[in-house]
1. What do you reckon, is B:Glu150 surrounded by fewer than 22 Cβ atoms within 10 Å (Cβ to Cβ) and modelled with pLDDT under 85?
2. Failed condition for B:Phe104, given (1) within 11 Å of chain A (Cβ to nearest Cβ); (2) crowded, with 20+ Cβ neighbours inside 10 Å; (3) at pLDDT 90 or above, with all others met?
3. Condition first: of a type in the set (A, V, I, L, M), within 22 Å of B:Lys138 (Cβ to Cβ) and either facing chain A (nearest Cβ under 8 Å) or out of contact with any strand residue (DSSP E or B) (no Cβ under 6 Å at 6 or more places or on another chain) (or both). Now tell me which residues in region B:67-90 satisfy that.
4. Could you list, in sequence order, all residues of region A:104-138 that are hydroxyl-bearing (Ser, Thr, Tyr) and touching a Leu at 6+ places or on another chain (Cβ under 8 Å)?
5. Can you name every residue in region A:112-149 that is of a type in the set (Gly, Ala, Ser) and out of contact with any Pro (no Cβ under 9 Å at 6 or more places or on another chain)?
6. Report whether or not B:Ser11 is at pLDDT 90 or above and surrounded by fewer than 16 Cβ atoms within 10 Å (Cβ to Cβ).
7. Is it true that some residue in region B:41-61 is more than 9 Å from chain A (Cβ to nearest Cβ), loosely packed, with under 15 Cβ neighbours inside 10 Å, within 22 Å of B:Glu150 (Cα to Cα) and modelled with pLDDT of 90 or more?
Amino acid sequence: MFRVLLYDQWKAVRQPLALVSIISFALPVLSVQNAAPHPVFGVRAHELLVTQAIWGTAYPLLAGALGLLLGVMAWTRDHRTDHVYALSLPLPRWKYALLKFGAGGVLVVPAVMTLGVGTGIAALAATVPEGLASYPVALTARFGLTSMMAFSIFFAISSGTSRTAGVVLGSLAVLVGGGVFLDVIGLGEHVIDPLFDLLFRPGSPFDSFGGRWMLIDV
Amino acid sequence: MNNAIEFQGVSYRPGRDFEINALTLTVPSGAVYGFLGPNGSGKTTTIKLLMGFHRPQSGEIVVLDRKVPEEMPEVLAHTGYVPERPHLYPTLTVSEAVRHHGAFYRTWDERWVDQLFDRFELAPDRRISRLSKGELGKLTLLLALGQRPELLVLDEPTEGLDPVVRRELMSVLLEYVTDRSATVFISSHLVHELERFCSWIGIMDHGRLVTELPMEQFKNGIKRLRVINPEQSAPEEPFEIMFRESVNGGAPGEMWLVRGWRSDMASFFDRGGATLRDVVDLDLEDGFVELLRAFRAEMVRK
């Protein structure tokens, strides 16, 4: 049962999943492009940290996108058929949901692995200045856990009715879109920033999405 | 197990406009039960209750000696289901869908499925989204039969199919039922299709069961009688009068729709001074229409 559900989900997401995996490999490699020693000044630590911080914002976004993709796609075909097929199968509903969750969880692995390979290559290729260190394993593990968390959230949201899923995902889209808009008109720091602080500060539910995502750090 | 399906006083109200009302229905084991009714009469809702998709607000449903929806996985392990609308994942190919489906059933019979595959001439590599309506109908029936079910629940399985495919599906179904003594619960509004095939008949209208009875009894026992000089209140007739009305066009007498008719009952009219002029046989379609008419008239009267 698990195998066929895994196959079905893999088939549905294989193309976007391949893209996410390629990106997750490329991200760390690209982030250390300017970490080669300068002929005159060598590698400047500050410059490297700034670059890492900029690239670092992409990792949680990628983890969120991966979770969104797998979470939503796990249920899309069931929603399209009003869950009739799933409900007509001879197994308890909780077991069906658990098997689907497990299959989605397995599909997080390829992107995490390619990120692991990417961070490994990047860490070996980069010249890390004195006082700094590379953290390929920690970054990969964090990416894996954050992707799983995002997947769990979106899986839970999508497992409800299409309407519920639509309302929740729509609200999230409005929140993010509204945040960007308020930032553009200069009100972001008053309205949206406190909300994001509440959600992403250390110890908050989405802590792992925030903070520093640096392959090379102090 | 005497009955494969039992509904006892089941009520379910999905919205303001429609309800299944105190439905009591019995499908004997081994019967091919034709579930007839006009569109919107509650056939599909009843099937969804039977399949455990909805939980009834009151009443009890027992299928294959197990309570629904509490013991649904055990029921579904022995039930093949063909829904009204296609329910398969469109991204899978035909062979992938078969493999996917078979993985959930302990009794999945690979050899039997291969035979059906050849018989239905299905292309294994074709995606489900690219199948014609007929091919999809064949695949859905193949999946329902592959686990060799004790009970088949078919919700308008031949709706929209051409006569060749329809006949082919029905013949496979008949062979299976004859071979395995399986019970079939089949809904349709194609009355003639069920007439050839069913041993029992149940008729739904407005969320209520109008009648259920063996097909033979339905075909032989329901008649339209033309009666001259009938008494206004017939005294203890040996049959059930379902409906009586004046004959159209001003001809004398009344037209009665009766149930439980036998030819030796004609003498009943001699006693009351009435004359029985005609006894009209009704085929299933006529009987179905007349029963609905009688039922609706009764509802209006109430």
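The values are calculated or read from the model by the stated rules, or taken from the named source; none is laboratory data. This is a predicted model, so every value here is computed, not measured. All Cβ positions, even for glycine, are placed from backbone atoms using ideal geometry, and neighbour counts span all protein chains on display.
1. Numbers: surrounded by fewer than 22 Cβ atoms within 10 Å (Cβ to Cβ): yes; modelled with pLDDT under 85: no.
No, not satisfied.
2. (2) is the only condition that B:Phe104 fails.
3. Keep residues of region B:67-90 that are of a type in the set (A, V, I, L, M), which gives B:68, B:72, B:75-77, B:82, B:88.
Checking the rest, the ones that are also within 22 Å of B:Lys138 (Cβ to Cβ) come to B:76, B:82, B:88.
Residues satisfying the conditions are B:Leu76, B:Leu88.
4. Within region A:104-138, the subset hydroxyl-bearing (Ser, Thr, Tyr) is A:114, A:119, A:127, A:134-135.
Once the filter is applied, which keeps residues that are hydroxyl-bearing (Ser, Thr, Tyr) and touching a Leu at 6+ places or on another chain (Cβ under 8 Å), region A:104-138 yields A:Thr119, A:Ser134, A:Tyr135.
5. Here is the first cut: in region A:112-149, the residues of a type in the set (Gly, Ala, Ser) are A:116, A:118, A:120, A:122-123, A:125-126, A:131, A:133-134, A:138, A:141, A:144, A:147.
Answer for region A:112-149, where residues must be of a type in the set (Gly, Ala, Ser) and out of contact with any Pro (no Cβ under 9 Å at 6 or more places or on another chain): A:Ala125, A:Ala126, A:Gly131, A:Ala133, A:Ser134, A:Ala138, A:Ala141, A:Gly144, A:Ser147.
6. Against the criterion (at pLDDT 90 or above and surrounded by fewer than 16 Cβ atoms within 10 Å (Cβ to Cβ)), B:Ser11 qualifies.
7. Yes.
Quick grid of which residues meet (1) among the aliphatic types (A, V, I, L, M); (2) within 32 Å of the chain's Cα centre (by Cα):
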{"site": "B:Ser187", "(1), (2)": "no, yes"}
{"site": "B:Met204", "(1), (2)": "yes, yes"}
{"site": "B:Met255", "(1), (2)": "yes, yes"}
{"site": "B:Val258", "(1), (2)": "yes, yes"}
{"site": "B:Asp264", "(1), (2)": "no, yes"}
{"site": "B:Ala274", "(1), (2)": "yes, no"}
